1. Could you tell me the accessible area of residue 160 in Å² (1.4 Å probe, neighbours in place), rounded to the nearest ten?
2. Would you mind computing Rg(Cα) / (2.2 N^0.38 Å) for segment 192-289, counting N as its residues?
3. With axes computed from alpha carbons, what is the tilt in degrees of helix 109-124 against the longest principal axis of the chain, rounded to the nearest 10 within 0 to 90?
4. According to the Kirkwood expression over distinct Cα-Cα pairs, how big is the hydrodynamic radius of segment 314-380, in Å?
5. Once you list every other residue whose beta carbon is under 12 Å from the beta carbon of residue 241, what net charge do they have if Lys and Arg are +1 and Asp and Glu are -1?
6. Express in Å², to the nearest 10, the accessible area of residue 119 obtained by rolling a 1.4 Å probe over the protein heavy atoms while all chains stay in place.
7. For segment 144-250, what is the convex hull volume of the alpha-carbon atoms per residue, in Å³?
8. Just to confirm a number: summing +1 for Lys and Arg and -1 for Asp and Glu over residues other than residue 83 whose beta-carbon lies under 12 angstrom from that of residue 83, what do you get?
Amino acid sequence: MKSSTQNHKSGASYDALVVGGGIHGCSTALHLAKRGLSVLVIEKNTVGRHASGVNAGGVRQLLRDFAEIPLSAEAMEQWFDLESLLGPELAHTCHFIGDVGQIGIAGDSGEMAWCEKRVREMRSRGYEFEELLDREQIRKLLPNVSDQAVGGIMSRRDGHANPARSTQAFRVRAEQFGAVFEEGVRVTGLQQSGNRWVVETSAGTRSAQVVVNCGGAWATQFACLTGDEIPCETVGYTLMVTARLPKFIDTVVVGIDRTLSFKQTESGTVVIGGGVPAIVDMANETSETVADRMVESASTVLDFFPYLRNAPVVRTWGGLEALTPDGIPIIGPSEGASGIWHAFGFSGHGFQLAPIVGSVLADLIVDGKSAFSLEAFSPTRFSSAAVPAVANLH
């Protein structure tokens with residue numbers, strides 16, 4: 001595929017157009033631009049405005065769906081080698097901290113039995129990175145944990161990064177390779193013209209041979225323009241952050257069957273999540289946190305870490321995300337529209353996968369092949385027949 005002339009005028013033509021400026025859109029743009037394609041990213045708000053900029057920043061392999069593990073393992077290698085991907089300066093801005101581990105805490109014998117079963121199945125599939133922790137081991141790793149923790153499961157290489165800064169780093173690196181970003185520009189329609197796609201936007205038309213849908217919570221709307229009806233639910237996951245506290249933990253902690261997820265940042269604040277739902281307001285493209293719903297999350301944290309009882313919560317927020325019926329993402333070509341690709345529905349755990357998803361998509365788009373199978377993530381897995389690719393909002 002040869003590069004075409006780039007400009008910002010109506011009718012501008014590119015090799016590839018990425019819809020959505022989250023971390024997956026930025027990663028895809030970066031890898032396509034590195035392969036020599038002219039790339040345009042269209043973002044209706046600002047880059048990283050929604051889930052990519054406001055998630056907990058977990059860089060984890062722990063408790064991944066088995067289908068995700070090959071991608072997650074390679075993504076982890078790229079996180080540890082961010083300098084090769086982003087350059088030293090941009091890699092530093094991501095604030096990636098690895099090898100601190102993530103621990104899933106078991107609070108009773110039933111949860112511990114589940115951990116034991118999980119590790120057995122992981123071993124049977126040839127994966128060694130998850131390990132069981134007994135009561136004594138978990139107390140050595142988490143000195144402040146309460147007696148309610150009976151054990152758990154751990155992935156020692158896991159860590160975390162700053163989500164907003166990481167998304168911007170991928171964006172800047174993509175721009176260094178020639179990618180163009182247009183913010184505040186909305187897609188309003190889509191039509192096919194020969195072997196190219198004409199994308200109608202609030203700033204005029206843009207055209208490209210390939211279009212990649214990384215639209216996050218709004219990706220199903222774009223998918224409908226291509227004729228792909230992909231079922232997803234829009235969710236808003238709530239987070240809260242405490243005031244700064246003395247350093248007491250390095251490891252990221254999650255619950256096995258409870259609304260528990262937290263880490264302590266370098267500044268000393270504690271970011272607490274756990275999948276507590278916010279009220280989704282798609283009309284205004286935002287979400288509203290609900291204090292009553294966060295009580296369970298806060299109570300679970302205190303059950304396991306009474307140390308935090310007097311820590312003041314200073315801010316709460318939520319990000320909008322697309323949740324698939326089976327909880328794993330949509331990654332792959334359109335069912336019926338040649339040149340259209342989808343990468344969305346990461347269901348609250350896509351941050352760590354971004355470096356490899358962009359790379360795999362670039363390989364498939366440019367070379368027609370990849371070392372990784374995307375069969376489990378196919379957009380067709382929820383449908384039985386292709387839908388005609390006729391799309392226009394007007």
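The values are calculated or read from the model by the stated rules, or taken from the named source; none is laboratory data. No experiment lies behind these values; they were computed from the predicted model shown. Heads up, the Cβs are rebuilt from the backbone with ideal geometry, glycines too, and the neighbour counts pull from every protein chain shown. Ligands, DNA and RNA are excluded from the accessible area calculation, which covers all protein heavy atoms including side chains. Shrake-Rupley method; radii C 1.70, N 1.55, O 1.52, S 1.80 Å.
1. Looks like 10 Å² after rounding.
2. 1.60
3. The helix 109-124 is inclined about 50 degrees to the chain.
4. Evaluated over segment 314-380, this radius sits at 13.1 Å.
5. +3
6. Counting only protein heavy atoms, the figure is 10 Å².
7. About 227 Å³ per residue, rounded to a whole number.
8. Residues near residue 83 contribute -1 overall.
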